[in-house]
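I have placed the structure first, in the form of structure tokens, so that the comments after it can refer back to it.
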């Protein structure tokens, strides 16, 4: 029976994961080496609960109970010492993740399952730096975590069946829909999604159509709730670029090579929503999509 969860990383994904576990009655220790990031995470969780209350999804009493389930820590060893499951949700950087997993393996109890929220990095490679590869698994939540139902569960080469079964059942307890897949670059979600986004960027790069036209075709013609360029902005163009590089390196084929336009935008710091500009521009409180000046006709 898993009751105590530690979440490593208090960014967008980490605070969302902490939110859904706490809301479902689990005790959560949210861990980040940056105390100010922990403060921002708690403010975000509080605001997200207020949005749920406004929509009738939860109540003020349930919010208070959930927030009482969350504690914070800036030291990994202290943050995972009582955990039965640790979910790593740090930046999508292989060296960083390997370092974190070495620390998680050192300080978490022997029976603790070690999970990663990675969207593309090999579970098998991550598991190899631990002394418990059978207890390592991918638990890939979708953004925004409190809203999106899917959890992509990725089995590494050595992941034990009972660990997979436990994480599948746990995901259901969170009100999520788990889908178990195997460990190959990009898994399923990003192996299919990222080439589509990359092709949309290529279509813009080659002058086939403009930003709004590309997104409108995919929204109205393919029933996508968000166009691929807007979605790329939402995910983060740097994240899209990193995942495409993982696919390209993993499969040794040029079909996953990031579009030069995407590479240039990342180098220029135009990362989408988080930087204020990508294919669209973003300002606080701006509810209307405005195409970036660079891409206006």
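The values are calculated or read from the model by the stated rules, or taken from the named source; none is laboratory data. A quick note: this is a predicted structure, and the numbers were derived from the prediction, not measured. Ideal geometry is used to build each Cβ from the backbone, glycine not excepted, and the neighbour counts take in all protein chains shown.
Any residue at all in the stretch 120-141 that is in a helix (DSSP H, G or I), touching a residue at least 40 places away in the same chain (Cβ under 8 Å) and within 26 Å of residue 169 (Cα to Cα)? Looking through the stretch 120-141, at least one residue is in a helix (DSSP H, G or I), touching a residue at least 40 places away in the same chain (Cβ under 8 Å) and within 26 Å of residue 169 (Cα to Cα).
Exactly one residue out of 198, 190 is crowded, with 16+ Cβ neighbours inside 10 Å, within 13 Å of the chain's Cα centre (by Cα) and assigned to a helix (DSSP H, G or I): that is 190. In summary, residue 207 fulfils each of the numbered conditions (1) assigned by TED's automatic domain parsing to the domain that holds residue 270; (2) surrounded by 15 or more Cβ atoms within 10 Å (Cβ to Cβ) with the single exception of condition (2). Residue count for the stretch 256-279 satisfying the condition of being touching a helix residue (DSSP H, G or I) at 6+ places or on another chain (Cβ under 7 Å), closer than 22 Å to residue 94 by Cα and surrounded by fewer than 19 Cβ atoms within 10 Å (Cβ to Cβ): 3. Of all the numbered requirements in (1) in contact with a helix residue (DSSP H, G or I) (Cβ under 9 Å, 6 or more places away or on another chain); (2) surrounded by fewer than 24 Cβ atoms within 10 Å (Cβ to Cβ); (3) under 22 Å from residue 236 (Cα atoms); (4) without any contact (Cβ under 8 Å) to a residue 60 or more places away in the chain, residue 96 misses one, and that requirement is (1).
Looking only at the stretch 164-173, which residues are under 21 Å from residue 189 (Cα atoms) and under 21 Å from the mean Cα position of the chain (by Cα)? Those that are under 21 Å from residue 189 (Cα atoms) and under 21 Å from the mean Cα position of the chain (by Cα): 164, 167, 168, 169, 170, 171, 172.
Taking the stretch 151-187 as the range and being in a helix (DSSP H, G or I) and surrounded by fewer than 20 Cβ atoms within 10 Å (Cβ to Cβ) as the test, the residues that pass are 161, 162, 164, 165, 166, 168, 169, 172, 173.
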